[in-house]
Amino acid sequence: DTGVSQNPRHKITKRGQNVTFRCDPISEHNRLYWYRQTLGQGPEFLTYFQNEAQLEKSRLLSDRFSAERPKGSFSTLEIQRTEQGDSAMYLCASSLDKGPNSPLHFGNGTRLTVT
Amino acid sequence: SQQGEEDPQALSIQEGENATMNCSYKTSINNLQWYRQNSGRGLVHLILIRSNEREKHSGRLRVTLDTSKKSSSLLITASRAADTASYFCATGQTGANNLFFGTGTRLTVIP
């Protein structure tokens, strides 16, 4: 178990630029989640994949956000035309398919700063 | 938006004391989980309690769940400086595939 890996750890970008983050889940986990966390708050759900299928998206995920999980392995989260309000920690988590009782395994996140 | 509220928002105790954190939620749940987060890191799963369970233990952790009051508590006994972190409750809700996290309790254990 090598854990969930996220890259990069930190990203600083100028407003209006596009950014892409990568998440490598635990290899045998077929569920993958993206969450966003702002300072002093708990994680907020963005989207969820089961294998390669994106099964659920939060209303927080505006049309500037897109996520993919080709071949059901790693996932990418892209933010287009970044805004200062996008500054946050973006967390990826994975789990085995045990339904709603599955504990999540989190990566250490990508901290995005939009200037 | 957060679905749970932790109380207190911050807690400071001496090493060796017990720490109790509370979580309240609003909807019907399948399970409730507690996670720990060190500063600048991801969350680590601590313990899961199912909706038909009332109490669960794991090492120095004790979790209770009262579904009639929609509340849970996490007790950390004999705290250590290394327990300093933020603690979050998260609910697995009926019909949902993701977890809904609370706002967290920031615990500081003073050596």
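Would you check which residues across segment B:61-111 are within 13 Å of chain A (Cβ to nearest Cβ), polar (S, T, N, Q) and part of a strand (DSSP E or B) and list them?
Of everything in segment B:61-111, those that are within 13 Å of chain A (Cβ to nearest Cβ), polar (S, T, N, Q) and part of a strand (DSSP E or B) turn out to be B:Ser86, B:Thr91, B:Gln93, B:Thr105.
With respect to A:Leu46, determine if the residue is touching a strand residue (DSSP E or B) at 6+ places or on another chain (Cβ under 6 Å), in a strand (DSSP E or B) and not polar (S, T, N, Q).
yes
Looking at (1) closer than 16 Å to B:Ile13 by Cβ; (2) in contact (Cβ under 8 Å) with a residue 40 or more places away in the chain, which is the one condition that is false for B:Leu61?
(2)
For the list (1) at positive phi; (2) more than 9 Å from chain B (Cβ to nearest Cβ), I need the number of the one condition that A:Gly109 fails.
That leaves (2) as the condition not met.
Check segment B:69-79 and report whether any residue there is touching a residue at least 60 places away in the same chain (Cβ under 8 Å) and either on the phi < 0 side of the Ramachandran plot or buried (at least 17 other Cβ atoms within 10 Å of the Cβ) (or both). If you could, list the steps in order and put the result at the bottom.
Start the filter on segment B:69-79 by keeping residues that are touching a residue at least 60 places away in the same chain (Cβ under 8 Å), which leaves B:78-79.
Adding the requirement that they be either on the phi < 0 side of the Ramachandran plot or buried (at least 17 other Cβ atoms within 10 Å of the Cβ) (or both) leaves B:79.
Among the residues of segment B:69-79, at least one is touching a residue at least 60 places away in the same chain (Cβ under 8 Å) and either on the phi < 0 side of the Ramachandran plot or buried (at least 17 other Cβ atoms within 10 Å of the Cβ) (or both), which makes the answer yes.
Return the residue satisfying two criteria in turn: it lies in segment A:62-108 and is in a strand (DSSP E or B), out of contact with any Phe, Trp or Tyr (no Cβ under 8 Å at 6 or more places or on another chain) and free of Cβ contacts under 8 Å to residues at least 40 places away in the same chain, and of such residues it is nearest to A:Glu28 (Cα to Cα).
Here the answer is A:Glu68.
I'm trying to understand the selection: among the residues of segment B:33-65, which are among the hydrophobic types (A, V, I, L, M, F, W, C) and either within 18 Å of B:Leu107 (Cβ to Cβ) or in contact with a helix residue (DSSP H, G or I) (Cβ under 6 Å, 6 or more places away or on another chain) (or both)?
If the condition is that a residue be among the hydrophobic types (A, V, I, L, M, F, W, C) and either within 18 Å of B:Leu107 (Cβ to Cβ) or in contact with a helix residue (DSSP H, G or I) (Cβ under 6 Å, 6 or more places away or on another chain) (or both), then B:Trp34, B:Leu43, B:Val44, B:Leu46, B:Ile47, B:Leu61, B:Val63 are the ones that fit.
Quick check on my filter: what residues within segment B:3-60 are outside any strand (DSSP E or B) and either more than 13 Å from chain A (Cβ to nearest Cβ) or surrounded by 19 or more Cβ atoms within 10 Å (Cβ to Cβ) (or both)?
B:Gln3, B:Pro8, B:Glu15, B:Gly16, B:Glu17, B:Asn18, B:Lys26, B:Gly42, B:Arg54, B:Gly59, B:Arg60
Can you tell me which residue within segment A:30-89, out of those that are more than 18 Å from A:Arg15 (Cα to Cα) and among the β-branched types (Val, Ile, Thr), is modelled with the highest pLDDT?
A:Thr76
The values are calculated or read from the model by the stated rules, or taken from the named source; none is laboratory data. In this text, all values refer to a predicted model and were calculated from it rather than measured experimentally. Glycine also receives a Cβ, built like all others from the backbone with ideal geometry; neighbour counts cover every protein chain displayed.
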